[in-house]
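The values are calculated or read from the model by the stated rules, or taken from the named source; none is laboratory data. Small disclaimer: the values here were computed from a predicted structure and weren't measured. Cβ coordinates were reconstructed from backbone atoms using ideal geometry, including for glycine residues, and neighbour counts include every protein chain displayed. Side chains included, ligands, DNA and RNA excluded: accessible areas come from the protein's heavy atoms. Shrake-Rupley method; radii C 1.70, N 1.55, O 1.52, S 1.80 Å.
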Amino acid sequence: MSQVTIKDVEVLNCEYGKNTIKFLRLHREGKKHFVKEVEVCTHLRLTSCHEYLDGNNSAVIPTDTIKNIVLVLAKKNGIATLEQFAIDICQHFMTTFCQVAYVKTYVQEVPWQRLHENGVPHIHSFIHVPNGIRFCEAEQCRNGPLVVFAGIKDLKLMKTTQSGFEGFCKNEYTTLPERNDRILCGELFCKWSYGECKDFDFDCIWNKIRECILEAFAGPPDRGEYSPSYQKTVNCIQMHVLCKVPQVQVIEVVLNNTFYNVVDMKNLGLTNDKEVLVPVETPYGSCACTLGRKTFLEAQVHMLKDERQNLFGLAAAQRN
């Protein structure tokens, strides 16, 4: 068996960071309080990989320091929006540490909503609401643009009619019957890219996209919109967002479905007209699609080449 030495391999990527930095940022304006509870993950790639190859830690920023920097930035800058906070983190590491070649940070928010009593907003009380979890990512290579992503996950949606699945491929293993009236239920993940960071109203855009998702899933409130498949529903959501929100350049949607079986009540002497159903949680179907504007994707070709050069350029650092 031949011996492999460090000269026989190339480092394609090496990064490290701190995950699951959880904290609550409380902002006070007189008697009225505002809260942002978040979870942050921040990873770095250094200009060299000596810590991996040689055990030389002189350029390594400890992950405990990364955690402290995140907390200090929250204290000093506050969290105006998740996206702006992620941008602040990226910019801090890029401007403070010359050994950082790439930084990526992920921020997700705990869905606290101000409590209302008889229509009056409470000044310091909040309720946890399962309306989907907001998250964002920001990443930057040295001498490259700062790119921002945002999204929503764990958004559970259901419509009880105007959904079917017919005309699918059948063979000797097919047992699923065709249906033209079924419950469509699923948990949605949606992530989109703004491209290069600009001065966007991130809160406004996020709320608009969430509204677009609900509109495309449900259809008009008085009649709905027929869905021939989960896949078509995913496409309708993406196209609606791209039509209504010009700031979005790329959008990814994943829809994990929950199937409902009608309970057979014949032995109980009853006719069950799709009124009592039991959820089948596992196994579950899943569909995913990513769409991008052609003009944006064509413009990204050169930037992607530069990113690959930065990534594989670690091989050169290895030999120094």
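Here the Karplus relation 6.51 cos²θ - 1.76 cosθ + 1.60, evaluated at θ = phi - 60°, turns the backbone of the range 85-93 into coupling constants of 5, 4, 5, 4, 5, 4, 5, 4, 5 Hz, with x for every Gly and Pro. For VAL263 and GLN113, compute 0.36 nm times the residue count separating them, minus their Cα-Cα distance, and round to one decimal in nm. Computed gain between VAL263 and GLN113 is 50.3 nm.
Straight-distance candidates among the aspartates and glutamates for linking to LYS274, with alpha-carbon spacing under 19 Å and chain neighbours fewer than 8 residues away dropped: GLU166, GLU178, ASP181, ASP264.
Given a cut-off of 19 Å, name the pairs among LYS75/LYS208; LYS31/LYS208; LYS191/LYS244; LYS159/LYS232; LYS18/LYS191; LYS32/LYS198 whose C-alpha atoms lie farther apart than that in the structure shown.
Values: LYS75/LYS208 29 Å; LYS31/LYS208 30 Å; LYS191/LYS244 16 Å; LYS159/LYS232 15 Å; LYS18/LYS191 22 Å; LYS32/LYS198 31 Å.
Where the Cα-Cα span goes over 19 Å, the pairs concerned are LYS75/LYS208; LYS31/LYS208; LYS18/LYS191; LYS32/LYS198.
Could you check how much of the accessible area of the chain is carbon and sulfur, as a whole percent, using a 1.4 Å probe? Could you put the intermediate results ahead of the total?
Details: 9910 of 18840 Å².
The computed percentage sits at 53.
If you take all other residues with their beta carbon under 10 Å from the beta carbon of ILE21, and give Lys and Arg +1 and Asp and Glu -1, the sum is +2. With protein chains left intact and a 1.4 Å probe, residues in the chain average 59 Å² of accessible area per residue. Note that the range 232-240 has calculated 3J(HN,Hα) couplings of 5, 4, 4, 5, 4, 4, 5, 5, 5 Hz, one per residue in order, obtained from phi through the Karplus relation 6.51 cos²θ - 1.76 cosθ + 1.60 (θ = phi - 60°); glycine and proline are x.
Per residue of the chain, what 222 nm ellipticity follows from adding -39500 (n - 2.57) for every DSSP H run with n ≥ 4, rounded to the nearest 500? It would help to have the intermediate numbers written out before the result.
Numbers: 8 runs with 90 residues, N = 320.
So the helix-based figure for the chain works out to -8500 deg cm²/dmol.
Modelled spin-label separation between SER229 and ASP273, with each label point placed 7 Å from Cα along the Cα-to-Cβ direction: 3.2 nm. Summary of packing: across the peptides 275-284, 159-168, 219-228, the per-residue average of other C-beta atoms within 10 Å ranks them, highest first, as 159-168, 219-228, 275-284.
Basic side chains Lys and Arg get +1 at the Cβ, acidic Asp and Glu get -1 at the Cβ, and with that the dipole of the chain about its Cα centre reaches some 600 debye. Let me know the shape class of the range 100-175, please: from the alpha-carbon gyration tensor, a ≥ b ≥ c as square roots of the eigenvalues, rounded when a/c is under 1.5, otherwise prolate if a/b is greater than b/c, or oblate. Note, shape of the range 100-175 comes out oblate.
How do the peptides 116-122, 209-215, 62-68 rank, highest first, by the average count of neighbouring beta carbon atoms within 10 Å per residue? List each step's numbers first, then the result.
Values: 116-122: 8.4, 209-215: 18.4, 62-68: 14.7.
Ranked from most to least packed, the peptides come out as 209-215, 62-68, 116-122.
Each residue of the range 206-218 was assigned a 3J(HN,Hα) from its phi angle through the Karplus expression (A = 6.51, B = -1.76, C = 1.60, θ = phi - 60°), giving 4, 5, 5, 5, 4, 4, 5, 4, 5, 4, 5, 5, 8 Hz with x at Gly and Pro.
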